[in-house]
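Comments concern the structure below.
None of the figures in this text is laboratory data; all of them are computed from the coordinates on show. The shown structure was predicted, so the numbers you read here are calculated from the model rather than taken from an experiment. As a convention, Cβ positions derive from the backbone with ideal geometry for all residues, glycine included, and neighbour counts pool all protein chains shown.
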């Protein structure tokens, strides 16, 4: 076992039982609702005031920190990171080396993977897929079976939906033009 828990309100505070990754024996981690929220295997960890609840699961080498919250049936695994005030919920998956940060929200049956990054006030939901080196940020919305991949950058107030696919080196400026067409 790599951690134990102690009650804190309606949640459990995790406490490291051994050294691993950048965690040292005795370090207090974040909050989980139940032990199945955080795997005892790998270097995964919940830091600071981050919370994991419901049937959500953090595994492998994934990290959740700052004030992030992962809940419902969401999965964060591989080397993925969720941090700042980001939220991941529903049946969303964040995996490989993907990151969700700032005030971004990822939910529904969405998958964010490879080296994709969701940041700012972006919202990704309703079966969307974000992959490759893609970045979705600012106030962008990606939803309804849309896919963003390659090294595409979607930002500003851009909306990508209804099964639309964006990939390659497309930037937010081009996306703004597409939105206006």
Go through (1) free of Cβ contacts under 8 Å to residues at least 24 places away in the same chain; (2) over 28 Å from residue 152 (Cβ atoms) and name the single condition residue 40 misses. (1)
Residue satisfying all of: in the range 17-28; in contact with a strand residue (DSSP E or B) (Cβ under 6 Å, 6 or more places away or on another chain) and not in a loop (DSSP other than H, G, I, E, B); surrounded by the most Cβ atoms within 10 Å (Cβ to Cβ) among these: 23
Mind listing just one residue for me: the one in the range 130-140 that is free of Cβ contacts under 8 Å to residues at least 24 places away in the same chain and surrounded by fewer than 20 Cβ atoms within 10 Å (Cβ to Cβ) and, of those, farthest from residue 61 (Cα to Cα)? 139
Can you tell me which of 12, 31 is under 20 Å from residue 86 (Cβ atoms), outside any loop (DSSP other than H, G, I, E, B) and without any contact (Cβ under 8 Å) to a residue 40 or more places away in the chain? 31
Which one of these is assigned to a loop (DSSP other than H, G, I, E, B) and either under 18 Å from residue 11 (Cα atoms) or in contact with a helix residue (DSSP H, G or I) (Cβ under 9 Å, 6 or more places away or on another chain) (or both): 73, 91, 61? 73
Just to check your reading of the model, which residue among 55, 66 is assigned to a loop (DSSP other than H, G, I, E, B) and either buried (at least 24 other Cβ atoms within 10 Å of the Cβ) or on the phi < 0 side of the Ramachandran plot (or both)? 55
